[in-house]
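S.K.: Sharing a structure below in structure tokens format, with a few things to ask.
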Amino acid sequence: MSDWSKWLRRIEHVMETVLFASRWLLAPFFIALALALLVLLAKMLVAFYEFTLHAWSASEVDVILSILGLVDLTLLGSLLVIIIFSGYENFVSRIDPAQHADWPEWMVKIDFTGLKLKVMSSIVAISAIQLLRAFVNGKNLTTHELAWYVGIHLVFVVSGLLLALTDWLSEHQPGDSA
């Protein structure tokens, strides 16, 4: 092997080492999302406090809207957990579930395709809750505003279906053994 080839292999090795190590630059993003989860928890506690404070004197519609708000915050928190753990596991480093007795089994089984579908499903669910809240509170919205809610929700639903379809088609290409 010539000196030139050895030199190129060393450069290649250094580049690959740097690129591989660069995945750790994502770790602060996941830490920031975990901190955002704390902020979301604070919002949930405030929303729950306000809900319980006014629940007895509120109308049925107001109670339903408050509960839907709590469900919405819960779905958003769940979405953050999915992104934090699955993203970290897929892009930064493996987590050893054996070290954590209560580790949810799904967290080690989600690949990038599964992560995309779970994120999109969560977005559709959050959008559905927002749409339901808009309809329950329909007297305060115009028909035009409600149509926008429905349109945006349908965009999310169709996007999710297309994403699932393209993933399914890519896994079931002619000639694949899958």
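The values are calculated or read from the model by the stated rules, or taken from the named source; none is laboratory data. Not measured: the values here are computed from a predicted model. Note that we place each Cβ from the backbone using ideal geometry, even for glycine, and neighbour counts take in every protein chain shown.
S.K.: With the requirement that a residue be small (Gly, Ala, Ser), within 23 Å of residue 68 (Cβ to Cβ) and without any contact (Cβ under 8 Å) to a residue 12 or more places away in the chain, what does the range 23-53 give you? Working first, answer last.
M.R.: Of the residues in the range 23-53, the ones small (Gly, Ala, Ser) are 27, 32, 34, 36, 42, 47.
Going one step further and asking which of them are within 23 Å of residue 68 (Cβ to Cβ), we end up with 36, 42, 47.
Hit for the range 23-53 is 42, nothing else.
S.K.: Now a separate question. Could you please give the count of residues in the range 63-95 that are free of Cβ contacts under 8 Å to residues at least 24 places away in the same chain and assigned to a helix (DSSP H, G or I)?
M.R.: The number of residues fulfilling the criteria is 5.
S.K.: Turning to a different aspect of this structure: Among the residues of the range 133-148, write down those that are at pLDDT below 85 and either within 22 Å of residue 77 (Cα to Cα) or aliphatic (A, V, I, L, M) (or both).
M.R.: Across the range 133-148, the qualifying residues are 133, 134, 136, 141, 146.
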